[in-house]
Amino acid sequence: MKVISSIEITPEIIGNLSEYYRRNIGDYPKFFKMDGLCKTGFIASEILLQSLPADIKSDIAIVLFNRSGSLVTDRKYQQTITSEENYFPSPAIFVYTLANIVTGEIAIRHKIMGESSFYIMSENDTGLQNDIAMECYLTSNPSMVLTGWVEYENDEDFYAHLRLLSK
Amino acid sequence: METLIETLKNQIIDVLNLEDLKPEDIDAEAPLFGEGLGLDSIDALELIVLMEREYGIKLSNPAEGKEIFKSVASVADYVSKNRKK
């Protein structure tokens, strides 16, 4: 297994997610519709993938991990359905109540057709993540695997450590 | 009607997270879907929720929605004639 490149992002490293997007990306308005988990994964993957040619990107597999799934957005959605008098379920929030949406957002952005999956694990174990990610090569032959940890609690507390791996 | 159009523009920016837009960027007569603001099907559902939450308007006929959500101006026109709050 080879680590082609890797990136870590935290509020201390990149500052505010939306401000980072405006300063450095700025051509994908759908970013603002994403929940925090997707924004975190989107920014980290953008840094890793932006310089790769399209034909390489199309075959990448995406295998991501975190501890809390989409819990932050689940709670936000719950707030829209808790009160009987103010019962207005939000479709825009509901669509992000699955953690694996972040893999889909990255795939749509970069036209990635490879397989994708999202795992919940209790600890950020880089070795185990790499082992699971490399299992993609047992069933398909991706050009690379984008893997790593993506966690979002709020705009002052997020973390992503993504890596591009190959055989 | 101008005030309602301005209010709707702000509400649409807020509920649809159009953070890169200001009210003055939105042409009241421009199409909301496809070209124009380029909204999608989830945005359409969110607009239906907005109509009910803010104006007490329940939209039950999907065909009706196509005309109502043609532009901010058409939404304002429908709201002014049908609002319950």
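If A:Ser18 meets every condition in (1) surrounded by fewer than 14 Cβ atoms within 10 Å (Cβ to Cβ); (2) within 14 Å of chain B (Cβ to nearest Cβ) apart from one, which number is that one?
Looking at each condition in turn, A:Ser18 falls short on (1).
Scan (1) in contact (Cβ under 8 Å) with a residue 24 or more places away in the chain; (2) assigned to a helix (DSSP H, G or I); (3) touching a Phe, Trp or Tyr at 6+ places or on another chain (Cβ under 8 Å) for the single condition B:Arg53 breaks and write down its number.
Looking at each condition in turn, B:Arg53 falls short on (1).
Among the residues of the stretch A:61-71, how many are open to solvent by 30 Å² or more (accessible area, probe 1.4 Å) and either within 14 Å of chain B (Cβ to nearest Cβ) or in a loop (DSSP other than H, G, I, E, B) (or both)? Talk me through it step by step, then tell me what you get.
Step one: filter the stretch A:61-71 for residues open to solvent by 30 Å² or more (accessible area, probe 1.4 Å), giving A:67-68, A:71.
Subset that is either within 14 Å of chain B (Cβ to nearest Cβ) or in a loop (DSSP other than H, G, I, E, B) (or both): A:67-68.
Residues in the stretch A:61-71 being open to solvent by 30 Å² or more (accessible area, probe 1.4 Å) and either within 14 Å of chain B (Cβ to nearest Cβ) or in a loop (DSSP other than H, G, I, E, B) (or both): 2 in total.
Just to be sure I understand, how many residues within the stretch A:103-131 are open to solvent by 20 Å² or more (accessible area, probe 1.4 Å) and in a loop (DSSP other than H, G, I, E, B)?
9
Just give me the residues in the stretch A:22-39 being outside any helix (DSSP H, G or I) and open to solvent by 30 Å² or more (accessible area, probe 1.4 Å), in sequence order. Reasoning before the result, please.
Here is the first cut: in the stretch A:22-39, the ones outside any helix (DSSP H, G or I) are A:25-28, A:34-35.
Correct list: A:Ile25, A:Gly26, A:Asp27, A:Tyr28.
Could you figure out which of (1) part of a helix (DSSP H, G or I); (2) farther than 29 Å from A:Asp35 by Cβ; (3) among the acidic types (Asp, Glu) isn't true of B:Asp43?
(2)
Within 11 Å of the chain's Cα centre (by Cα) and within 13 Å of chain A (Cβ to nearest Cβ): which single residue out of B:Val49, B:Val72 fits that description?
Numbers: B:Val72 fails: within 13 Å of chain A (Cβ to nearest Cβ).
Answer to the selection: B:Val49.
Among all residue pairs at least 6 apart or on different chains, which show Cβ distances below 7 Å where the first residue, located in the stretch B:10-34, is within 13 Å of another protein chain (Cβ to nearest Cβ) and the second is polar (S, T, N, Q)?
B:Glu19/A:Ser18
Could you grab me the full set of residues in the stretch B:39-76 that are buried (at least 17 other Cβ atoms within 10 Å of the Cβ) and among the charged types (D, E, K, R)?
Across the stretch B:39-76, the qualifying residues are B:Asp43, B:Glu46, B:Arg53, B:Lys70.
Give the residue that is surrounded by the most Cβ atoms within 10 Å (Cβ to Cβ), with candidates limited to residues of the stretch A:72-92 that are within 14 Å of chain B (Cβ to nearest Cβ) and assigned to a helix (DSSP H, G or I).
Within the stretch A:72-92, the match that is surrounded by the most Cβ atoms within 10 Å (Cβ to Cβ) is A:Thr73.
Could you check, for the stretch A:40-51, whether at least one of its residues is modelled with pLDDT under 95 and open to solvent by 70 Å² or more (accessible area, probe 1.4 Å)?
Start the filter on the stretch A:40-51 by keeping residues that are modelled with pLDDT under 95, which leaves A:50-51.
Within this subset, residues satisfying the condition of being open to solvent by 70 Å² or more (accessible area, probe 1.4 Å) are A:50-51.
Yes, the stretch A:40-51 contains a residue that is modelled with pLDDT under 95 and open to solvent by 70 Å² or more (accessible area, probe 1.4 Å).
The values are calculated or read from the model by the stated rules, or taken from the named source; none is laboratory data. Model, not experiment: these values are computed from the prediction. Please note: Cβ atoms are built from the backbone with ideal geometry, for glycine as well, and neighbour counts cover all protein chains shown. Just so you know, the surface numbers come from the protein's heavy atoms only, side chains and all, with ligands and any DNA or RNA stripped out. Shrake-Rupley method; radii C 1.70, N 1.55, O 1.52, S 1.80 Å.
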